[in-house]
Structure formats: C-alpha cells, structure tokens
1. Which condition number in (1) over 20 Å from ARG516 (Cα atoms); (2) in contact (Cβ under 8 Å) with a residue 60 or more places away in the chain; (3) crowded, with 16+ Cβ neighbours inside 10 Å is the one that ALA399 fails?
2. Evaluate the range 201-214: report whether one residue or more is surrounded by fewer than 22 Cβ atoms within 10 Å (Cβ to Cβ), in contact with a strand residue (DSSP E or B) (Cβ under 9 Å, 6 or more places away or on another chain) and touching a residue at least 40 places away in the same chain (Cβ under 8 Å).
3. Quickly run through the range 390-447 and pick out the residues that are more than 22 Å from the chain's Cα centre (by Cα), closer than 22 Å to MET525 by Cα and of a type in the set (Val, Ile, Thr).
4. Out of LYS429, LYS411, LYS466, LYS381, report the one residue that is out of contact with any strand residue (DSSP E or B) (no Cβ under 9 Å at 6 or more places or on another chain) and part of a loop (DSSP other than H, G, I, E, B).
5. Hey, among the residues in the range 596-654 that are more than 26 Å from the chain's Cα centre (by Cα) and of a type in the set (A, V, I, L, M, F, W, C), which one's surrounded by the fewest Cβ atoms within 10 Å (Cβ to Cβ)?
6. Would you confirm whether any residue within the range 552-559 is out of contact with any Phe, Trp or Tyr (no Cβ under 7 Å at 6 or more places or on another chain), at pLDDT below 95 and among the charged types (D, E, K, R)?
7. Checking the condition free of Cβ contacts under 8 Å to residues at least 40 places away in the same chain and outside any strand (DSSP E or B), which residue from LYS157, LYS145, LYS162, LYS150 passes?
8. Go through the range 26-88 and tell me which strands (runs of 3 or more DSSP E), entirely inside it, have 1 or more residues that are among the hydroxyl-bearing types (Ser, Thr, Tyr) and either touching a Pro at 6+ places or on another chain (Cβ under 8 Å) or surrounded by fewer than 18 Cβ atoms within 10 Å (Cβ to Cβ) (or both).
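The values are calculated or read from the model by the stated rules, or taken from the named source; none is laboratory data. Just so it is clear, the structure is predicted and the values come from calculations on it, not from any experiment. Counting neighbours? That spans all protein chains shown, and the Cβs are built from the backbone with ideal geometry, glycine included.
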Amino acid sequence: MKKARRHYRILMLTTLTLGLLVWYGTSHSIADEGMWTFDNPPLKQLKERYNFTPTQEWLDHVRLSSVRFNDGGSGSFVSPHGLVLTNHHVGRDQLQKISTSQKDYVKSGFYAKTRAEELKTTDLELNVLVSMENITERVQSSVRKDMNEKQALEARKAEIAKIEKESLDATGLRSEVVPLYQGGEYWLYRYKEYTDVRLVFAPEQQIAFYGGDPDNFTYPRFDLDMAIFRVYENGKPIESQHYLKWNRQGAPEGDLVFVSGHPGSTDRLDTVAQIETQRDYAYPQTLKTLKQRVEVLRRYSSQGPEQARQAQGLIFSLENAIKAYNGEYQGLLDKNLIAKKEKEEREFRALVEGKPDWKKEYGSAWQEIETAELKEREMLKPLRFRSLQRSFSELANYAQTIVRYVVEVKKPDSERLDGFHDAQLASLKFLLFSNAPVYPQMEERLLADGLRESLEVLGPNDPFIKAALNDRRPADTAHELITGTKLADPALRKSLVEGGETAVASSNDPLIVFVRKVDPMIREMRKSFEDNVHSVETDAGEKIGKARFAVYGKAIYPDATFTLRLAYGTVKSYSMNGTIAPPVTTFYGLFDRYYSFNQRPPFDLPARYLERRERLDLSTPLNFVSDCDIIGGNSGSPVINRKGELVGLIFDGNIESLVGRFVYDGTANRAVAVHSGAMIEALRKLYDAGALAEELEGKMTKNAKVG
C-alpha cells in the first residue's frame, strides 16, 4: 500500500526530508548499502566484511533503545531515567509550539536545570517498537483468485484493519501492519506509545543549523543539531532498562558503526514507469508549490518580528524540502540514473521470464503498473489540486479531519478510510485536540494561496473550484473562512467530534460548512485513484515482490517505510571538489568558518560561543561522516559502535546523497552526524549543563533531581 502513502506524503510535507541519500548504486555485495529490518539484519555482510555478528541480545537492546518521533524523525533513549536524544530540527516543531512572543525557545534555546523546570510538549508522541510478527500469509490469503484488483484491495484493507484492531485490543499497544517488498511481505509492528514528553535541553537555532541554507546538505559541517527530551509516565520519568551508553570518544576513522532509526520513504524498488511519473509530473508540481508557499510566508514574515517568529518553522521545513526535492529531481533528470534503473529492470524481468512458472505467475506485473501509471498521470492534477492539504493550513486540515471523522467512525472498521481505523484513532485524536497555537493571519494567507493555485491549475469551471470559490476571489474566500472559524479552539474541535454527525451537520462554522461542500469531490478523486491505480499497483507490486524473493531470496532489503531499520558502514572520508573531505570536523573549524565569513549571517555565532571560547578544547571533534545508508526520517538516529554505545547523532546527508531515494552509491554518499564528544563538551563548557552531561555519561547519583 506504499503507492498511496507516497502521494499523500508529497501533499503533506514533514521534516522527514532531512538526511537523504545518493545514487549510481553499486551492487549489494560491494557497498555498505541497505536499510535493513531487524528481523532480517545483514549478518552475512557484517561477518564477511567486518568479522562482526550482532547477537540477538544486541539487536533487541538497540531496537528497544530506539525511538520514533511520530511527527517525523528518530531518537534514542540515552539514560535509564527516560532521556531521549534527537536533533534540534526534529524537535523544532515542539519548540515552536511551546514558544511565545516573549520566549522564543527556537531562537534562544532552553535548559531545564531541574526536572521541575522541564517543559511539557503540546502534542509529541514517541513510539518504541516492542514486537514484530510476520502476517504475510494471513493478509495475502484474504485475496481469492476470483477477485479483481478492486475487490482484492478491499479484502487486503479489511484484513489489515482486523489484524490491527485485534492486536490493539489484545495488547493495548499501537499496532501497525507494514507492507514490505511492495507487498511481498506484511508485518505487524507493535509500539509502546509515550505522550507525556518534556523538553530538557535545546541549543540556539543558530548553532543547531549553523551555516543555514548554504550549508544544508553539504559537508564539512559544524552543527550542534541536538535536543534532549525526557519521557514521563504516570507523572514520573520512566525507568528504562534499554538505553544507549554514551561513549564521548566517538568512533575513529575506519571504525564500523551502525545507525538505528526510521527512514521515511525510498523508491529504490519502484518500476521505471513509476520513476518516470515522479520525474515528469510529480516533482515539477511539488517544487512549484513549495516555492510559492515560501514566498507567501516570506511576505508574511516581513510584516514584523512576531510574524517572522510564527512563520519561521514552516519556512525552515519548506526550504529544506525544496533543496532535498530539487536534488532528487536533478538526479532523476540524469540519463545515467535512468539507464541504470532500466538495465536493472530488464535483467530482473529476463530472469523472471526465463522460467515458465515465474513468467506465468509474475510476468504481467510490469505492464500492469505501466498501464496504471498512464491513468495516474491523467488524474494527477485533479488528485493533487482538489485538495486542502497543499495549502498547509492547519485549520483547514482540522476541519477536513473532523468532517471525515464523524462519518468514518460509524462505518465498520474494515470499510473506513486509512487514518480512521480503530487502531489509529488514539493518535489521531491526540493531534486533533492539541492545544498548539494557531496563527489566523498566517493561516489566511496560506489557504488563499492554496486556493489560488488550485484555481490556476484546474480552471474556473472545475467542480471543486466552483464549490470552493463560488465565483469569488481566493483571498476573499480564505479571509471569510479563517476570520469566521472558531476551530482554533481545541475544545470546540473536541465537542464537534464527540457530537458526531449531528453536531457537524448542524455546525455553522464557515470552515466546517466549506469542507462539507468540497469533501465529496476530494473523496471521489481518492476513490478513483484507488480503483484505477492503487488497486492495480498493489496487486502487481505483490507479484513483483514475490518474484524478487523467487529470484534473489531475502538477500535484499525493502524500501523504507518510516519503520525501524538498521544501517551499517564506517567512518570514512570521500573525494569532493577536487580534494578530500575530512572524516571529522572540529571546533577549530567552526571558528574558522565564523571568521572566514567576517562574522556575517548565516555564519555568525551565539554570544556564548564567543564569550566562552577559551573554555573549549577546540580540537574536540564536532561533526563526522560515515557511509551508512540513511534518508529523511533518520534525522535524530543514534550512531552506534560494535558495543552498542552511542558515538554520534545523525542530522543530515551530503549533497551527493540527495537522490538516494532511488539509488545508492557508497563512493560519495555520506551520512553526517554530531560527534558524541562535541555534545558533552558543549553541555559542560558552554551551557552550564554539567548535571545533564553527568546523566548522559552515567555519572549521575541515584537520587539526583537535576535535569
């Protein structure tokens, strides 16, 4: 069911675009390639190449120490008292939500000297993968041979919903069915959820994202992109048996390291037809939309410092997405990449067609997908622009969720839209009833631009446009909707949900009324996509997944799905710009960059770095690179050595890595991480956070109450 998620991923951007990977892939037997599931780790490769075989105990400990940030990103437990380490940019959304015009924690940072000072986040959910169960046979056997693609899709969806509901009822754990290998396998993942998460430490934005957009997706880097939260349960910090011990010495060049995190999405197993759709249709539209929204937000920001503060988080995310998507897009335009994908597909298909049984069972799949892709290209514009999500308006999203919620929950669980199944409702309501701030003036401008773009693309005679605008200007419609709505109040949102269809049908809130008008058309487009594209490609993808197992076995890894994966590699320099990039950078390099650019933004430094420079050991490693295979969603992942100790914190990939959504190249791809030693050095000598450093290094006394 990956195809549908891919399209809605592009509609609703998150911070998953940080830390992407590369191209001109070498063979699996040569490169340190792969985002491996924990049920199928690369034991053979590790033994042959590094003479290391992780034990099941090692794997379980790393898995249970790893954390998924449900709003996009990764992290890890780093103390027995619930401390979770991640990136500043992963936690940035929560920093912004707890900030005010008087206290901007994104800009100035934060440190809780005591646990009483730790700040509760508004709507952050953390997940820990507790168990995995292979349910492939159960899902696939729900499809009978006499079913067509539409019936087969409905049968799979019904069985998946049933499995998730049974698991939730039996265990109380968040339960997700995850398709892997294009439906060649299905797994049930069960997660322990934590929703009482409190901020402990974050540095200033300027040092967390040092060098700004010019340095983004580059290396050498000089960032302290870190943030620390603490997980509570029943009002107390959790006591965790599984956490990563801190090794401030890090990993020297050539050392084997691992990354345990949640890569968001890759398309390395897609067919050439699917890749061509992305290259020729999806990427150009997406990039145009993102650039337009950034311009709107910049104009809004120019009105004053408070407007700039309100818009900074979304601008950061969208600008990052533009750079990431543009890198991916430029890679897709390279004829060598397409030629490589075409060659791989020809060779795979030839092996399948070389055996009559395989050809009969799987041989039609590629043509079926190609036919479905042609249909998708025809409907791509209405599918995308008969939409409210592209505006990035939180209030419009709230309204659509409420209108759909009250309808969907009355249906049998198996017949609901994805996102509204019983196993998903707790997380949905947690976000829907969030008390995070909403900024109406910014919302109005975003919604107006989204409606303007839809009008521009679809034309005034499109039924969605007629229903949405009723011959009015987009700006006037957006003004009326946003100034009139009361949905910024979480209590109202909750009352509408609890009131059910009657409350929503009788509501005169203008945004609710608006969504009631346009949602039938949005649903119609979604249904058309599922019937004509998604159902066909799910069925054909399952055939290709089975064919891949028949030909290659499980010596390959599945595409990323924002589920826990293990990557491996070494700390390693690489050739760039006619020279060699160093495996590590230091605080010396940070200050050199500051002075080399005459102290100008975005290369200026927070005041404390200048005032306390003499305290620092400037030779301390700051950032480093490895050839571990990561992508967006891995941001915040721990870098771990053979002993299972934390030696670094992933925060980015280099510029050469940006088309790693499609292919991997170990010669130039690098994952960029903050060094474990740098984090301790900064906490102790720059932030007066010695007590926090003590806890991270396992030196805190048992009864200590400090942060």
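1. (1)
2. Within the range 201-214, not a single residue is surrounded by fewer than 22 Cβ atoms within 10 Å (Cβ to Cβ), in contact with a strand residue (DSSP E or B) (Cβ under 9 Å, 6 or more places away or on another chain) and touching a residue at least 40 places away in the same chain (Cβ under 8 Å).
3. Across the range 390-447, the qualifying residues are ILE402, VAL403, VAL406, VAL407, VAL409.
4. Testing whether each residue is out of contact with any strand residue (DSSP E or B) (no Cβ under 9 Å at 6 or more places or on another chain) and part of a loop (DSSP other than H, G, I, E, B) leaves just LYS411.
5. The first filter runs over the range 596-654 and keeps only residues more than 26 Å from the chain's Cα centre (by Cα), leaving 596-601, 603-621, 642-643.
Imposing the further condition that a residue be of a type in the set (A, V, I, L, M, F, W, C) reduces the set to 597, 603, 605, 607, 610, 616, 618.
Values: PHE597: 14, PHE603: 20, LEU605: 19, ALA607: 10, LEU610: 12, LEU616: 20, LEU618: 15.
Checking each candidate, the answer is ALA607.
6. Yes, the range 552-559 contains a residue that is out of contact with any Phe, Trp or Tyr (no Cβ under 7 Å at 6 or more places or on another chain), at pLDDT below 95 and among the charged types (D, E, K, R).
7. Numbers: LYS157 fails: free of Cβ contacts under 8 Å to residues at least 40 places away in the same chain; LYS162 fails: free of Cβ contacts under 8 Å to residues at least 40 places away in the same chain; LYS150 fails: free of Cβ contacts under 8 Å to residues at least 40 places away in the same chain.
So the residue among LYS157, LYS145, LYS162, LYS150 that is free of Cβ contacts under 8 Å to residues at least 40 places away in the same chain and outside any strand (DSSP E or B) is LYS145.
8. Values: elements: 66-69, 74-77, 83-86.
Fully inside the range 26-88 and qualifying: 66-69, 74-77.
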